[in-house]
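Q: Have a look at this one before I ask anything.
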Amino acid sequence: MKVALITGVGGQDGSYLAELLLDKGYQVHGLIRHSSAEKYKSRLATIAGVPERKDNFVLHYGDITDSASLVRMLAEIQPDEVYNLAAQTHVKVSFDLPEHTMNTTALGALHVLEAIRTTKSDCRFYQASSSEIFGTAASPQNESSPLEPQSPYGCAKAVAHLLTASYREAYGIWAVSGIMFNHESPRRGTDFVTRKISKAVAKIAAGEQDELHLGNLKAERDWGFAGDYVVAMWQMLQTDTPEDYVIGTGESHSVREFARLAFEYLDLNYEDYVRHDPDLERPAEVINLRADITKAEKGLGWKPTVGIEELVQMMVDADKQKL
Ligand code: GDR
């Protein structure tokens, strides 16, 4: 039985990845912060409620800022695969908490890599890298695009990205970065724009909310479905040689377009409800991110299965149901 360790297992991606690996017959160990445990119980409910999954799933309280506990955990679990998904992942928050973001998002990755090195683990390591490392680089962005991050979060992810490559070169650790563009789902946190929109649309349609306040409406993102992206994470660790891959859909849409589609799905006009709020804008914005996934298509045989309209509808439907 293969053994995997997932940091950030209580997050959107962590929960989908844990399900995928459990269904493939892995024993899955998940690292979760004590304070997150209650909050993320609903995301892990699809594991707790299924005996075949639950029996092979072990939750550990820990923190990627605590390197000693990571060393102990690696020595004890001896995983075949380690997926580092834990981080402070909100771009706007990173402007308010730059040091915390560096400690978790950049140094957290370093702690995991160091734990692998010092325990002489021969595991394969996946680093959750991000399209935010490209920032203002011309789109479409691919594995060779320059790193031009525009936020403390983007800078922290760039550091983690470069450290992953450095540990691969210097110590021969089987380590890769998956450069993931935005990926969403009904499990997305409500402070990210897609879920903020889908939740508001459901509430407005039900007469429980009057307006939706948004920041930059012109920014364009490449939005895919998180369930597809965790498949790519797993595939990256099954290849012959450790290589980084860009993962996205190859299409970008503006925030305005996402909102329009979501309101239209419930026969509403977004212009009647969306209000621009400059306080929700960021000190620096990334204007256009669009993935060039040529390498992933060829090297992994990976393709997204959910388009923008289906994604919007899936999220609005789920939020309607939750109400
Ligand atoms: P992003 O996701 O910053 O791209 O990072 P987010 O959903 O926060 O923002 C996307 C775009 O929407 C604009 N926007 C707003 N964003 C939020 N959160 N709230 C608003 O009210 C709002 N109004 C407009 C933003 O300015 C931005 O342009 C996500 C995160 O998951 C990262 O962790 C991940 O690495 C990248 O995607 C890939």
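The values are calculated or read from the model by the stated rules, or taken from the named source; none is laboratory data. Computed from a predicted structure; not experimentally measured. We place every Cβ from the backbone using ideal geometry, glycine too, and count neighbours over all the protein chains shown. Areas reflect the complete protein model, heavy atoms only, side chains present, ligands, DNA and RNA absent. Shrake-Rupley method; radii C 1.70, N 1.55, O 1.52, S 1.80 Å.
Q: Quick one: is Glu132 touching a strand residue (DSSP E or B) at 6+ places or on another chain (Cβ under 8 Å), under 30 Å from Phe263 (Cα atoms) and among the acidic types (Asp, Glu)?
A: Criteria not met by Glu132.
Q: With the requirement that a residue be among the hydroxyl-bearing types (Ser, Thr, Tyr) and within 24 Å of Val306 (Cα to Cα), what does segment 157-205 give you?
A: Once the filter is applied, which keeps residues that are among the hydroxyl-bearing types (Ser, Thr, Tyr) and within 24 Å of Val306 (Cα to Cα), segment 157-205 yields Ser177, Ser185, Thr190, Thr194, Ser198.
Q: Could you grab the pairs with beta carbons closer than 8 Å, sequence gap of 6+ or different chains, first residue in segment 118-145 and farther than 21 Å from Pro242 by Cβ and assigned by TED's automatic domain parsing to the domain that holds Gly14, second one open to solvent by 50 Å² or more (accessible area, probe 1.4 Å) and within 13 Å of the ligand (Cβ to nearest atom)?
A: Glu132/Gln150; Gly135/Gln150; Thr136/Gln150; Thr136/Ile287; Ser139/Arg290; Pro140/Arg290
Q: Okay, moving on. Taking Tyr26 and the conditions (1) open to solvent by 40 Å² or more (accessible area, probe 1.4 Å); (2) out of contact with any His (no Cβ under 9 Å at 6 or more places or on another chain), which numbered condition does it fall short on, given that it satisfies the others?
A: Among (1) open to solvent by 40 Å² or more (accessible area, probe 1.4 Å); (2) out of contact with any His (no Cβ under 9 Å at 6 or more places or on another chain), the lone unmet condition for Tyr26 is (1).
Q: Could you grab me the full set of residues in segment 264-298 that are aromatic (Phe, Trp, Tyr) and within 15 Å of the ligand (Cβ to nearest atom)?
A: Those that are aromatic (Phe, Trp, Tyr) and within 15 Å of the ligand (Cβ to nearest atom): Tyr270, Tyr273.
Q: Looking only at segment 111-149, count every residue that is in a helix (DSSP H, G or I), acidic (Asp, Glu) and either more than 11 Å from the ligand (Cβ to nearest atom) or surrounded by fewer than 24 Cβ atoms within 10 Å (Cβ to Cβ) (or both) and tell me the total.
A: 1
Q: Could you check segment 268-323 and list, in sequence order, the residues that are closer than 24 Å to Met233 by Cα and in a loop (DSSP other than H, G, I, E, B)?
A: Answer for segment 268-323, where residues must be closer than 24 Å to Met233 by Cα and in a loop (DSSP other than H, G, I, E, B): Leu289, Arg290, Asp292, Ile293, Leu300, Gly301, Trp302, Lys303, Pro304, Thr305, Val306, Gly307.
Q: Just need a number here: residues in segment 251-264 that are touching a Phe, Trp or Tyr at 6+ places or on another chain (Cβ under 9 Å) and outside any helix (DSSP H, G or I).
A: Total satisfying the criteria: 3.
Q: Please find, among Thr65, Thr105, the residue that is over 25 Å from Trp234 (Cβ atoms) and among the β-branched types (Val, Ile, Thr).
A: Matching residue, one of Thr65, Thr105: Thr65.
Q: From the list Leu300, Leu280, which residue is open to solvent by less than 40 Å² (accessible area, probe 1.4 Å) and at pLDDT 95 or above?
A: Leu300
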